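Here is the structure we will look at.
The values are calculated or read from the model by the stated rules, or taken from the named source; none is laboratory data. Quick caveat, the model's predicted, so the values are computed rather than measured. Positions of Cβ are backbone-derived with ideal geometry, glycine not excepted, and every protein chain shown enters the neighbour counts. Accessible surface is based on the protein model in full, side chains and every heavy atom, while ligands, DNA and RNA are left aside. Shrake-Rupley method; radii C 1.70, N 1.55, O 1.52, S 1.80 Å.
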Amino acid sequence: MQNNNQAKQPKVGLILTGGGARAAYQVGVLRALSELLPKDVRTPFPIICGTSAGSVNSTILAVDAADFRHAVRRLMTVWKNFHVHHVYRADVFGAFRNSTRWMFAALTGGRLRNVSGSDHPVSLLDNAPLAALLRKYVDFDAIQRNIDAGDLTALSITCSGYTSGQSVTFYQGHPDLQNWQRARRIGIAMPIELPHLLASSALPFIFPPTRINREYFGDGSMRQIAPVSPALHLGADRLLVIGVGRQLQPNAERIQSGAFPTLAQIAGHALNSIFLDSLEVDLERLQRINRTIELIPEDVRRQTNYPLHKVEFRVITPSEELEKIAAEFSRELPRTIRVLLSTVGGTRRSGSNLLSYLLFEKSFCRALIMLGYKDTMARKDDLLPFLGWST
């Protein structure tokens, strides 16, 4: 396999969306791409944009930007051997203490103060194990080294500000890049560190918000009305989007149900709205803009200095419903978490949506990795030329 022309490689922006344990699907996609590309090649994505759980995968890719296959192997090692206790506390004391405090805070105004009188983060689950894991294994200083070496143009992590209500994209990249400000979304240059990953992946209500500078931030998918825009602001001329939810069918079947929805079913529906809907809408918008631009002759665009240009993109999403796969592996959850979820209907089939976001167990993750690998290999003849490579 040979590169067409290294100097004319397209500047492809990789967009990794959120979704808790569903992000294992992204690893399968990346594994397939790493096998299709030559060994020892640097990342084919000079611009990497992550949100929620996708922010963790994005950062690992950025840390090893000089060796794409090595980066993917590191992701595979973690995700193939994941257990819940690597992400959040699943022991009896830790799980029930947090859930009890969460319910108490809800009944007393939403805040809980510790013995020193300061506000203490309140959430259903404690993600301290994830913080410890990232602190131990992620070399954040390597991001800047890769930027300086030319192996990476930019890494961005999107978070949601609980006070400002803004979608804030923190990015670290080439010094020529500029901040941006649009309606309810801004881009700010600063070194990417552990708090950015914890904030961006803090599922609402489930994991605690994280303070960055003067504001508390939560999951980046909340209020992210334009998920593809950070990559465009950072200079991407093509986009590869890896989603974690099956694309909505045009004529989705409505099934009559007489059962009242459980809290878990409602929570799963809300999470789907946060993680899936805005991406689909933004991609539809981009497609409409591309079609509009195609109607304007190229010579007219040049003469009038038309500011827009067509942006090619590809989207890879699961060919199967991940919540159905999650239901098959529900027994893999630690007993403590199963009991906790059962109180809100999370262990029923109707609650499998919520389950799919929290099921950080290797059997489920491996099933998603295999699905992502299979879906990508089925499209290799289209994806390789898109990335600027040919057989």
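Please find, among Glu280, Glu328, Glu284, Glu320, the residue that is of a type in the set (Asp, Glu), open to solvent by less than 70 Å² (accessible area, probe 1.4 Å) and either more than 24 Å from the chain's Cα centre (by Cα) or at pLDDT 80 or above (or both).
Details: Glu328 fails: open to solvent by less than 70 Å² (accessible area, probe 1.4 Å); Glu284 fails: open to solvent by less than 70 Å² (accessible area, probe 1.4 Å); Glu320 fails: open to solvent by less than 70 Å² (accessible area, probe 1.4 Å).
Testing whether each residue is of a type in the set (Asp, Glu), open to solvent by less than 70 Å² (accessible area, probe 1.4 Å) and either more than 24 Å from the chain's Cα centre (by Cα) or at pLDDT 80 or above (or both) leaves just Glu280.
Just to be sure before I move on: is Ala21 under 18 Å from the mean Cα position of the chain (by Cα) and either surrounded by fewer than 21 Cβ atoms within 10 Å (Cβ to Cβ) or modelled with pLDDT under 95 (or both) in the structure I sent?
In short, yes.
So which residues in the stretch 203-228 are open to solvent by 40 Å² or more (accessible area, probe 1.4 Å), of a type in the set (Phe, Trp, Tyr) and without any contact (Cβ under 8 Å) to a residue 60 or more places away in the chain, if there are any at all?
Scanning the stretch 203-228 gives a single hit, Tyr216.
Give all pairs with beta carbons closer than 7 Å in which a residue from the stretch 360-388 that is over 18 Å from Gly243 (Cβ atoms) and without any contact (Cβ under 8 Å) to a residue 60 or more places away in the chain meets a residue that is open to solvent by 30 Å² or more (accessible area, probe 1.4 Å) and assigned to a loop (DSSP other than H, G, I, E, B); count only pairs at least 6 apart in sequence or on separate chains.
Final answer for the pair search is Ser363/Phe329.
Results for (1) under 26 Å from Thr163 (Cα atoms); (2) in a helix (DSSP H, G or I); (3) not aliphatic (A, V, I, L, M), shown as yes or no for each residue.
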| position | (1), (2), (3) |
| --- | --- |
| Asp176 | no, no, yes |
| Gln181 | yes, no, yes |
| Leu198 | yes, yes, no |
| Gly220 | yes, no, yes |
| Gln224 | yes, no, yes |
| Pro227 | yes, no, yes |
| Ala231 | yes, yes, no |
| Gly235 | no, no, yes |
| Val241 | no, no, no |
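Given the conditions (1) in contact with a strand residue (DSSP E or B) (Cβ under 7 Å, 6 or more places away or on another chain); (2) at negative phi; (3) open to solvent by 10 Å² or more (accessible area, probe 1.4 Å), and given that Ser200 satisfies all but one, which numbered condition is not satisfied?
(3)
Give all pairs with beta carbons closer than 8 Å in which a residue from the stretch 183-195 that is free of Cβ contacts under 8 Å to residues at least 24 places away in the same chain and under 18 Å from Ile143 (Cα atoms) meets a residue that is part of a loop (DSSP other than H, G, I, E, B) and open to solvent by 80 Å² or more (accessible area, probe 1.4 Å); count only pairs at least 6 apart in sequence or on separate chains.
Ile188/Asn179; Ala189/Asn179
Look at Arg135 and say whether it is in contact with a helix residue (DSSP H, G or I) (Cβ under 9 Å, 6 or more places away or on another chain), exposed (fewer than 14 other Cβ atoms within 10 Å of the Cβ) and modelled with pLDDT under 95.
It is true that Arg135 is in contact with a helix residue (DSSP H, G or I) (Cβ under 9 Å, 6 or more places away or on another chain), exposed (fewer than 14 other Cβ atoms within 10 Å of the Cβ) and modelled with pLDDT under 95.
Look through the stretch 183-193, keep the residues that are β-branched (Val, Ile, Thr) and not in a loop (DSSP other than H, G, I, E, B), and return whichever of them is least open to solvent (accessible area, probe 1.4 Å).
Kept after step one, since they are β-branched (Val, Ile, Thr), are these residues of the stretch 183-193: 186, 188, 192.
In the following step, the residues that additionally are not in a loop (DSSP other than H, G, I, E, B) were identified as 186, 188.
On the way: Ile186: 26, Ile188: 57 Å².
Looking at residues that are β-branched (Val, Ile, Thr) and not in a loop (DSSP other than H, G, I, E, B), I get Ile186.
Each row is one residue, and each column tells you yes or no for (1) in a helix (DSSP H, G or I); (2) under 26 Å from Lys380 (Cα atoms); (3) modelled with pLDDT under 75.
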position: Arg246; (1), (2), (3): no, yes, yes
position: Ala252; (1), (2), (3): no, no, yes
position: Ile266; (1), (2), (3): yes, no, yes
position: Asn305; (1), (2), (3): no, no, yes
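Take the stretch 29-44 and flag every residue that is surrounded by fewer than 24 Cβ atoms within 10 Å (Cβ to Cβ), within 22 Å of the chain's Cα centre (by Cα) and not in a helix (DSSP H, G or I).
The answer is Arg42, Pro44.
Among the candidates Val63, Val115, single out the residue that is open to solvent by 10 Å² or more (accessible area, probe 1.4 Å) and modelled with pLDDT under 95.
Residue meeting the stated conditions: Val115.
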